[in-house]
Amino acid sequence: LRIAREPNNYLSIRKLSSVGTVASDPMLLGLFEELLRDEGSELYMRAPEVYGVPVNITKTWDEVQDAVRMSNTVCIGYLDQFGKVHLGVKSGTDITLLPAEKLVVIAEI
């Protein structure tokens, strides 16, 4: 896993450790090949405010995803204040993002 800091201070995840995952489920090979291409979409951790998602206010996970989707981006989870990544958040879950927390998104370069 390599995380490169970009000029706009976003974290860009350029490489994923996928060998074990693909070995356990070969059907994921195409997904990882697409994510690891040099062009196209990448994974980022961005402040909720980038997408108009307020901090310290409770929203449903669906509302968070809808706000991110307005920027032609997909939200797949979030990084909490303790550094734990939460992926696969259930639809309808109430969430209150704090100022130090980030959204994990798939976005175009």
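The values are calculated or read from the model by the stated rules, or taken from the named source; none is laboratory data. Being a predicted model, the structure only gives us computed values, none of them experimental. Neighbour counts are summed over all protein chains in view; Cβ atoms, including those assigned to glycine, are modelled from backbone coordinates with ideal geometry. Just the protein is used for accessible areas: all its heavy atoms, side chains included, with ligands, DNA and RNA removed. Shrake-Rupley method; radii C 1.70, N 1.55, O 1.52, S 1.80 Å.
With a requirement of 1 or more residues that are among the hydrophobic types (A, V, I, L, M, F, W, C) and touching a Gly at 6+ places or on another chain (Cβ under 9 Å), the strands (runs of 3 or more DSSP E) lying completely within segment 58-97 that satisfy it span 74-79, 85-87. Note on segment 37-61: residues that are modelled with pLDDT of 95 or more and open to solvent by 50 Å² or more (accessible area, probe 1.4 Å) amount to 7. Among the residues of segment 84-107, the ones that are open to solvent by 70 Å² or more (accessible area, probe 1.4 Å) and at positive phi come to 0 in all. Contact map, segment 48-68: first residue among the hydroxyl-bearing types (Ser, Thr, Tyr), second residue part of a helix (DSSP H, G or I) and open to solvent by less than 60 Å² (accessible area, probe 1.4 Å), Cβ cut-off under 7 Å, separation 6 or more or different chains; pairs are TYR51/ALA67; TYR51/VAL68.
Is it the case, given these coordinates, that GLY30 is open to solvent by 40 Å² or more (accessible area, probe 1.4 Å) and either under 16 Å from GLU108 (Cα atoms) or modelled with pLDDT under 90 (or both)? Spelling it out, GLY30 is indeed open to solvent by 40 Å² or more (accessible area, probe 1.4 Å) and either under 16 Å from GLU108 (Cα atoms) or modelled with pLDDT under 90 (or both).
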